[in-house]
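**Student:** The structure under discussion is supplied below as structure tokens; questions concerning it will follow.
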């Protein structure tokens, strides 16, 4: 199981028991996120950034002597999982993409609203911040002692009143907030991939559809 952007394996905690009743489940923290090491991120292109995640996952796979597995990726993790499967299909029995990011580019899915927004001073500012790698994690770090409260508001909104199904208990919500805060506030590393993989609006610079689509007849 490969988590999404700004997340880590702990985001799957409600899924583990059900899946483990039928499968051997392995959830990872991608390089530069969660509890994994946080090396300096020095990639300068989309290709280098993809290799950062794909090659580190492949080295981890070799160390664990795994092959012929079901690979599940959520959101940005789906993008990484799909790109890995394209490079190493011999190891992937099935590929499951859950709300995967990175399928289309800005030219594939033109947005009149986004075009107009970019032409405004607010749009130019937001685009500048995006290209400067001003990440959400940087905001959390910059808030210092107010950071945990911001994260609590986020977890309450995303996993509380706005979620479906059984809500988190008070203890689960408290533990998840603490967990998310510490993973976000740690050293910047893998999070700096964002501008290399996506343009403003979360459109992929090298979309999956261009790789997965069948060749023209």
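The numbers here are math on the coordinates, done by the rules we state, and not lab data. Owing to the predicted nature of the structure, the values given are computational and were not obtained by experimental measurement. For neighbour counting, all protein chains shown are included, and Cβ atoms are generated from backbone atoms with ideal geometry for every residue, glycine included.
**Student:** Mean-square fluctuation check for the chain, GNM, Cα pairs under 10 Å: which of 145, 136, 89 is largest?
**Tutor:** Result for the chain, Cα springs under 10 Å: 145 fluctuates most.
**Student:** Right, next: What does the convex hull of the alpha-carbon atoms of the stretch 53-118 project to on average, in nm²? Display every interim value, and only then the final one.
**Tutor:** Working: hull surface 21.9 nm².
The orientation-averaged projected area of the Cα hull of the stretch 53-118 comes to 5.5 nm².
**Student:** Summing -39500 (n - 2.57) over the DSSP H runs of n ≥ 4 in the chain and dividing by its residue number, what mean residue ellipticity at 222 nm do you reach, to the nearest 500 deg cm²/dmol?
**Tutor:** Value at 222 nm, helices only, nearest 500: -13000 deg cm²/dmol.
**Student:** Right, something else. Which residue fluctuates most in the GNM of the chain (Cα springs below 10 Å): 45, 21, 174?
**Tutor:** 21
**Student:** Oh, and also: Only Cα pairs within less than 10 Å get springs; with that Gaussian network setup on the chain, which residue of 153, 22, 44 has the largest fluctuation?
**Tutor:** 22
**Student:** Note down the nm distance, to one decimal, between modelled labels 7 Å out along Cα→Cβ at residue 13 and at residue 167.
**Tutor:** For residue 13 paired with residue 167, the spin-label model returns 1.8 nm.
**Student:** If I histogram all Cα-Cα distances within the chain using bins 10 Å wide from 0, what percent of pairs lands in each bin?
**Tutor:** In whole percents, the pair-distance histogram is 7, 29, 36, 23, 4, 0.
**Student:** If you don't mind, another one. Sort all Cα-Cα distances of the stretch 13-137 into consecutive 10 angstrom bins from zero, then give the percent of pairs in each bin up to the one containing the longest distance.
**Tutor:** 10, 33, 32, 18, 7, 0
**Student:** Calculate how many DSSP beta bridges within the chain are antiparallel, expressed in % of all such bridges and rounded to the nearest 5.
**Tutor:** Antiparallel bridges make up about 20 percent of those DSSP assigns within the chain.
**Student:** Right, another one. Using Cα centres only, tell me the gap between the stretch 5-37 and the stretch 123-153 in whole Å.
**Tutor:** 24
**Student:** Could I have the simple spin-label model distance between residue 146 and residue 187, label points 7 Å from Cα toward Cβ, reported in nm to one decimal?
**Tutor:** 2.8
**Student:** Also: Given an 8 Å cut-off on Cα distances and at least 6 residues of separation, report the relative contact order of the chain as a percent.
**Tutor:** 27
**Student:** Moving on. In Å and from the alpha-carbon atoms only, list the Rg and Dmax of the stretch 73-191.
**Tutor:** Here Rg and the maximum Cα pair distance are 18.1, 49 Å.
**Student:** Over the stretch 1-87, how many percent of alpha carbon pairs lie in each 5 Å bin up to the one with the longest distance?
**Tutor:** 3, 13, 24, 27, 21, 8, 3, 1, 0
**Student:** Now a separate question. Taking Cα centroids, how far is the stretch 48-88 from the stretch 180-208 in Å?
**Tutor:** The two parts, judged by their Cα centres, are 16 Å apart.
**Student:** Measuring from label point to label point, each 7 Å out along Cα→Cβ, what is the residue 24 to residue 60 span in nm?
**Tutor:** So the label points at residue 24 and residue 60 sit 1.7 nm apart.
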